[in-house]
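Take a look at the structure set out below.
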């Protein structure tokens, strides 16, 4: 079970999903080699030995990066597992390096520094469903 965050190109002035114009079609994140380079620059410890499915591990969390095999890359889905708010730091670093938005798929909101409610709600739900 993972908490999913979608990295997607959004208009620059958008601060919430409600502000996305109707009919907006996101531009690609970039050419595949540029996206992989940006991810590696943002989080040098990322394992991209399978460039379609990157992996990143922290002390109490892991992130799978579903980059896919398309070129250009339209979006990246982050599958975040574990605990600790420090899991949000690399997710936001990757989003910043790609100049894109990070959408909390559980809450339907934009992820930003200090906005941890979706991550905490996911952990509470996961722990309730799976047990201690």
Relative contact order for region 1-113: what is it in percent, counting Cα pairs under 8 Å that are at least 6 residues apart? 37 percent
Take residue 93 and residue 45, extend 7 Å from each Cα along the Cα→Cβ direction, and tell me the distance between the two endpoints in nm. 0.8 nm
Report the gain in length on full extension from residue 34 to residue 130: 0.36 nm times residue separation, minus Cα-Cα distance, nm rounded to one decimal. 30.7 nm
Taking the Cα centroid of region 1-49 and of region 85-132, what is the distance between the two, rounded to the nearest whole Å? 14 Å
In deg cm²/dmol and to the nearest 500, what is the mean residue ellipticity at 222 nm of the chain if only DSSP H runs of at least 4 residues count, each as -39500 (n - 2.57), divided by the residue total? -8000 deg cm²/dmol
Given the options 39, 14, 73, state which has the largest fluctuation in a GNM of the chain using a 10 Å cut-off (strictly under) for Cα springs. 14
May I ask for log10 I(q)/I(0) of region 1-42 at q = 0.20, 0.21, 0.24, 0.26 Å⁻¹, from a Debye sum over the Cα atoms as equal point scatterers with solvent left out? -0.83, -0.87, -0.96, -0.99
How many Å³ per residue does the convex hull of the Cα positions in the chain occupy? 110 Å³
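Computed from the coordinates by the stated procedures, all read-outs in this text should not be read as laboratory data. What you see is a predicted model, and the numbers here were worked out from it, not measured in a lab. Positions of Cβ are backbone-derived with ideal geometry, glycine not excepted, and every protein chain shown enters the neighbour counts.
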